[in-house]
1. Checking the conditions here, which among 33, 13 is touching a residue at least 12 places away in the same chain (Cβ under 8 Å) and either outside any loop (DSSP other than H, G, I, E, B) or in contact with a Ser or Thr (Cβ under 7 Å, 6 or more places away or on another chain) (or both)?
2. Can you work out which of the residues in region 145-155 that are in contact with a Pro (Cβ under 9 Å, 6 or more places away or on another chain) and of a type outside the set (D, E, K, R) is surrounded by the most Cβ atoms within 10 Å (Cβ to Cβ)?
3. Going by what's in this entry, would residue 60 be described as out of contact with any Pro (no Cβ under 8 Å at 6 or more places or on another chain) and assigned to a helix (DSSP H, G or I)?
4. Evaluate the following for residue 27: is it assigned to a loop (DSSP other than H, G, I, E, B), farther than 30 Å from residue 165 by Cα and modelled with pLDDT under 95?
5. Being charged (D, E, K, R) and either in contact with a helix residue (DSSP H, G or I) (Cβ under 8 Å, 6 or more places away or on another chain) or at pLDDT 90 or above (or both): is that true of residue 2 here?
6. Quick check on region 24-46: of everything there that is small (Gly, Ala, Ser) and closer than 22 Å to residue 66 by Cα, which residue is surrounded by the fewest Cβ atoms within 10 Å (Cβ to Cβ)?
7. Step by step: first the residues of region 70-82, then only those that are in contact with a strand residue (DSSP E or B) (Cβ under 8 Å, 6 or more places away or on another chain) and buried (at least 19 other Cβ atoms within 10 Å of the Cβ), then the one that is modelled with the lowest pLDDT. Which residue is that?
Amino acid sequence: MDALTLFIIRHAEKPGDSWPGPGFTADGVSDTESLVLRGWERAGAWTALFGTDLTGGDYAKPDAIYAATPGTTANQPPSSRPAETISALAARRGLTPNESFGKGDEPRLVPAVLALKGVVLLCWEHKAIISDILPLIPVSKGAPPTKWEGSRFDVVLRFDRGKGDDKFAFKELFPKLLSGDSDKPLGS
């Protein structure tokens with residue numbers, strides 16, 4: 001297998017109890033399935049973290065970016081949050097994000113991503129990350145979380161596979177990009 005670094009992030013903040021204000025599109029149109037102001041701020045912070053040379057070490061520039069396709073199942077509203085979260089980063093990196101997989105497509109998504117090489121960033125919904133994505137990633141070192149609190153938008157899951165390896169080393173990262181971000185592991 002080729003070397004692969006996989007970063008997984010949750011979409012940024014959404015309308016709800018934790019963050020005041022309505023969701024709105026990049027054009028400022030009110031939309032309950034879009035990010036709130038704090039979410040757009042986080043999207044910009046992810047762009048600085050993964051899209052510049054300002055950071056090093058734990059955070060690398062992605063060669064490919066994946067985000068859930070909005071509204072792909074009949075009982076799911078057409079959330080644009082994953083795509084909105086990575087849109088500025090993709091533009092900065094000159095990448096076209098892969099949005100050909102939606103929520104429910106994780107059994108096809110994960111093998112496609114794991115077949116890649118280089119650095120890949122995946123932005124998805126937190127419940128599906130825990131239940132449908134992480135169990136499909138073979139890990140030999142570290143323990144990925146089994147719970148992701150609904151109030152946490154500030155965590156990066158990093159998986160590294162060396163050339164010739166078939167399993168990943170896992171690390172949970174806490175970049176603390178915005179005020180109030182935590183350095184506590186998920187599920188603690």
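The values are calculated or read from the model by the stated rules, or taken from the named source; none is laboratory data. Every value quoted in this text rests on a predicted model; they were computed, and no experiment measured them. Because the Cβ atoms are built from the backbone with ideal geometry, glycine has one as well, and the counts that use them run over all protein chains shown.
1. Result: 33 is the single residue among 33, 13 that is touching a residue at least 12 places away in the same chain (Cβ under 8 Å) and either outside any loop (DSSP other than H, G, I, E, B) or in contact with a Ser or Thr (Cβ under 7 Å, 6 or more places away or on another chain) (or both).
2. Ranking the qualifying residues of region 145-155, first place goes to 155.
3. Spelling it out, it is not the case that residue 60 is out of contact with any Pro (no Cβ under 8 Å at 6 or more places or on another chain) and assigned to a helix (DSSP H, G or I).
4. Yes: the conditions hold for residue 27.
5. When the stated conditions are applied, residue 2 passes them.
6. 26
7. Only one residue fits best here, namely 70.
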